Each structure stands twice: as C-alpha cells, then as structure tokens.
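The values are calculated or read from the model by the stated rules, or taken from the named source; none is laboratory data. Being a predicted model, the structure only gives us computed values, none of them experimental. Positions of Cβ are backbone-derived with ideal geometry, glycine not excepted, and every protein chain shown enters the neighbour counts.
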Amino acid sequence: DSGVTQTPKHLITATGQRVTLRCSPRSGDLSVYWYQQSLDQGLQFLIQYYNGEERAKGNILERFSAQQFPDLHSELNLSSLELGDSALYFCASSVGGGRSPLHFGNGTRLTVT
Amino acid sequence: DAKTTQPPSMDCAEGRAANLPCNHSTISGNEYVYWYRQIHSQGPQYIIHGLKNNETNEMASLIITEDRKSSTLILPHATLRDTAVYYCIVKKTSYDKVIFGPGTSLSVIP
C-alpha cells in the first residue's frame, strides 16, 4: 500500500459529460502529480502541484483542469469527455523537495461510452 | 532534462538475476537515476534511486557507471511476480517534470 488514495476506482460515463477524480496524497507529502495511461500506452504526465501551487505542466488538454486544496488533496476535472479520454488516471505524491521519489495510487479507470 | 534509453523487452529465467540496463548519456551532475516498475495496470512502484554510488535495498541493487552515462538495475533472484514494465528516469529534484519513457517489459519465465 503506497498510502496514496484515489477515488473512484472505476468510472463509466458518456461522451460530453464531466467527471472529477480525487487523490489523497501520502501523509506529509506536499507534491501531487497526475498521469494518464491509455490502453497499451505509456504514462503521460499531465500536471504537478506543490503545496497548492501548479509547478509543472505536461500535455494536459484544455478540457482538463486540476487543483490542489489546502488540505493537500487534489482533484482532476475532465470535461466534454470524448471516447479517447478512456484511460487509467494515476495520481502520485512525493515529499516535494530534494530527491524524494514518487509514490503512486492504484488509479481511476475511466471509461467513456 | 536528460533522456533515457532502455531495451523494449527482456526475458529472465525464474530464480536467476535480472539485469536491466539503462542509458542516460546526457545526464547532468545533479540528476539522480530512479527506477520504477509497473505490474500490469497497477500504479507504478518506486524501486530505488541513486546519484553516483551503487545502491542496494530489499528490492534491488542499482549499479551506476563511473561516468554516470549508464546504469543497471539488478533483481538478484527474479520471481514470476517481478514480471512488469521497468522504467528508468533521471531528474534533478522533485520539482522537475517526471517523464516516463516506454520502459523495459521484463518477462520472468518459469
């Protein structure tokens, strides 16, 4: 158990809809990262937050947004969903400084029909 | 950021050592080498990291060449549960984007 909690584990929704994925980092971790992994594809970096502030951005679509709250949990919002957004979405956390490694949650599997 | 190159796939016999290579020829002096693995559809798991000295923990050993241009992850006694995709990453600090390449798909064969 990595200590990173992602909810929900599975999500099925229709095209055009909006969903919110939630991540609770490990206790004491200040950084949160979001990744997308489509079927048989690699891990695509979306965005990183540190203590509530955005620190790095990957190829995140404009239809996607994220934030990190004062209690350090994070949410990834996906809107105007398309079939191609079906994927595993992983959240990871780290202490946030120095050389601390990332610890990943078990992901949210999103299916858009 | 320095990039890494890994073989796309490898096989290893159960009980033998698995040696997974990684090339990072453009690594800079303050970049660490990290290894993660992902067992099918699970969240990636941190294995080990190092700067220039060899490192060992309960999961694996990391051997970094003296010029730091390559490294090898060693799983001393591979089991079927070690079948996974292994990722080698270099980065300076936790504020860097952490970019995963395609990794090496390791198959441990009975």
Out of A:Gly28, A:Gly105, I need the residue that is closer than 28 Å to B:Ile48 by Cβ and within 11 Å of chain B (Cβ to nearest Cβ). Which one?
A:Gly105
What are the residue pairs meeting all of these: first residue in the stretch B:6-33, first residue under 15 Å from B:Leu73 (Cβ atoms), second residue of a type in the set (Lys, Arg) and surrounded by 12 or more Cβ atoms within 10 Å (Cβ to Cβ), Cβ atoms under 6 Å, and 6 or more apart or on different chains?
B:Tyr32/A:Arg99
Just to be sure I understand the filter: pairs with C-beta atoms under 8 Å, separated by 6 or more residues or on different chains, first member in the stretch A:82-97 and farther than 16 Å from A:Leu46 by Cβ, second member outside any loop (DSSP other than H, G, I, E, B). Which pairs pass?
A:Leu83/A:Val112; A:Val95/A:Ser31; A:Gly96/A:Ser31; A:Gly96/A:Tyr50
Test A:Phe90 against the stated conditions and say whether it is closer than 27 Å to B:Ala84 by Cα, modelled with pLDDT under 95 and within 14 Å of chain B (Cβ to nearest Cβ).
no
When residues of the stretch A:50-90 are limited to those that are closer than 20 Å to A:Leu39 by Cβ and among the polar types (S, T, N, Q), the one surrounded by the most Cβ atoms within 10 Å (Cβ to Cβ):
A:Ser86
First in the stretch B:42-67 and more than 13 Å from chain A (Cβ to nearest Cβ), second anywhere and among the hydroxyl-bearing types (Ser, Thr, Tyr) and in a strand (DSSP E or B), Cβ under 8 Å, 6 or more apart:
B:Asn54/B:Ser61; B:Ile63/B:Ser71; B:Ile63/B:Thr72; B:Ile64/B:Ser70; B:Ile64/B:Ser71; B:Thr65/B:Ser71
For the stretch A:50-107, which strands (runs of 3 or more DSSP E) that fit wholly inside it have 3 or more residues that are of a type in the set (Phe, Trp, Tyr)?
none
For the stretch A:31-45, which residues satisfy the criterion of being in a strand (DSSP E or B), more than 10 Å from every other protein chain (Cβ to nearest Cβ) and not polar (S, T, N, Q)?
A:Val32, A:Trp34
Per-region count, the stretch A:8-30, residues on the phi > 0 side of the Ramachandran plot and assigned to a strand (DSSP E or B)
0
Conditions: (1) over 13 Å from the mean Cα position of the chain (by Cα); (2) of a type in the set (D, E, K, R); (3) away from chain B (no Cβ under 14 Å). A:Glu75 meets all but one. Number of the miss?
(1)
Tally up the residues in the stretch B:52-100 that are among the charged types (D, E, K, R), closer than 15 Å to B:Ile27 by Cβ and surrounded by fewer than 17 Cβ atoms within 10 Å (Cβ to Cβ), please.
6
How about the stretch A:6-25: which of its residues are touching a residue at least 60 places away in the same chain (Cβ under 8 Å), within 18 Å of A:Gln67 (Cα to Cα) and more than 14 Å from chain B (Cβ to nearest Cβ)?
A:Pro8, A:Arg18, A:Val19
